[in-house]
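A short write-up of the structure that comes next.
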Amino acid sequence: APGGDWTVHPWAGIVTAIAFLDDGGTLLAATYSDIDDSTALVRLDVGGHAAVVARLGASRSNAESDGRVLSMAHDEARGVVWLAGGFGVATFAVR
């Protein structure tokens, strides 16, 4: 929130995309881990709580795919978040 304090959240991996989910400051971060070639979607609420809400990885049918999210967009009208990356395109409901 404007004028608020920063909170540090340690995490094994790198943030590859973020999106605001509401006007209050709730964030969704895509965090990629080289260790298992997967992305964890982490929801950070305005109270400073972090929770893994989904995980995704490489497509099993395509050996050249990977689990890294390259872009993310919140579609408020449909209540979903769109993700695109080496795995293809994925959609998750926002609740």
task = Pick out which of 31, 39, 16 has the largest mean-square fluctuation in a Gaussian network model of the chain, springs linking Cα atoms closer than 10 Å.
result = 16
inquiry  = Report the rotationally averaged projected area of the chain based on its alpha-carbon convex hull, in square nanometres.
reply    = 6.4 nm²
Principal axis box of segment 3-52, alpha-carbon based, largest edge first, Å = 36, 19, 15
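Using +1 on the beta carbon of Lys and Arg, -1 on that of Asp and Glu, and nothing else charged, what's the dipole of the chain about the Cα centre, debye to 20?
Charge dipole of the chain: 220 debye, to the nearest 20.
Read-outs: derived from the displayed coordinates by stated rules, not from any lab. Fair warning: this is a prediction, and the values are worked out from it, not measured in the lab. Using ideal geometry, Cβ is built from the backbone for each residue, glycine included, and neighbour counts are taken over all protein chains shown.
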